[in-house]
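Note sheet for the following structure.
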Amino acid sequence: MRPSVDQWLAEAKAAPGAENCGMYLTHCGTVRQSARAKVRLGEAEARSVIGMRFSYDAEKVAAAVRETEALEGIFHVRVWFNEGELKLGDDIMLVLIGGDIRPHVVDALQFLVGRIKSECVREEEIFA
């Protein structure tokens, strides 16, 4: 079941280190109709997506989270994944990063989501 981002923020603001956080950023990845080949590679004739099979490697994710937590100015990191067969509009993942200043938090979110997408998950698009 998808967690509440509002609840995550409340918990983050009550956690040790919260007094050092001046910014929180969230990422909510969802299943889209446009195929990866179309939006990433520019293949105009790519078929439409109707769903996705999604899985992740928990150990690789944990390692990526630890590396993110070690970045300068980062005090809070949390992730959630929606494993299984997903349909259009379903949430794939949620990420929350809390840190001291905007550049650190933006960089940490970019780092973690990029790492997750490139090394930790398996996304298999289902086509129409």
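The values are calculated or read from the model by the stated rules, or taken from the named source; none is laboratory data. Everything quoted here is computed from the prediction, not taken from an experiment. When we count neighbours, we look across all protein chains shown, and the Cβ atoms used for this are built from the backbone with ideal geometry, even at glycine. Ligands, DNA and RNA are excluded from the accessible area calculation, which covers all protein heavy atoms including side chains. Shrake-Rupley method; radii C 1.70, N 1.55, O 1.52, S 1.80 Å.
Observations on the model:
- Every residue from the stretch 3-16 that is modelled with pLDDT of 95 or more and in a loop (DSSP other than H, G, I, E, B): Pro3, Ser4, Ala15
Rundown of residues vs (1) modelled with pLDDT under 95; (2) more than 19 Å from Leu94 (Cα to Cα), yes/no style:
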residue	(1), (2)
Ala18	no, yes
Tyr24	no, no
Ser34	yes, yes
Glu45	yes, yes
Asp57	no, no
Arg66	no, no
Phe75	no, no
Phe81	no, no
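- Residue match in the stretch 82-96 (condition: under 11 Å from the mean Cα position of the chain (by Cα) and β-branched (Val, Ile, Thr)): yes
- Counting only residues that are within 28 Å of Pro16 (Cβ to Cβ), charged (D, E, K, R) and either in a loop (DSSP other than H, G, I, E, B) or open to solvent by less than 20 Å² (accessible area, probe 1.4 Å) (or both), the stretch 80-128 holds 1 of them.
- Top-ranked residue of the stretch 43-79 - restricted to ones that are open to solvent by 30 Å² or more (accessible area, probe 1.4 Å) and assigned to a strand (DSSP E or B), ranked as farthest from Glu123 (Cα to Cα): Phe75
- Enumeration of residues in the stretch 12-35 that are within 24 Å of Leu96 (Cα to Cα), over 16 Å from the mean Cα position of the chain (by Cα) and open to solvent by 40 Å² or more (accessible area, probe 1.4 Å): Lys13, Ala14, Pro16, Glu19, Asn20, Gly22, Met23
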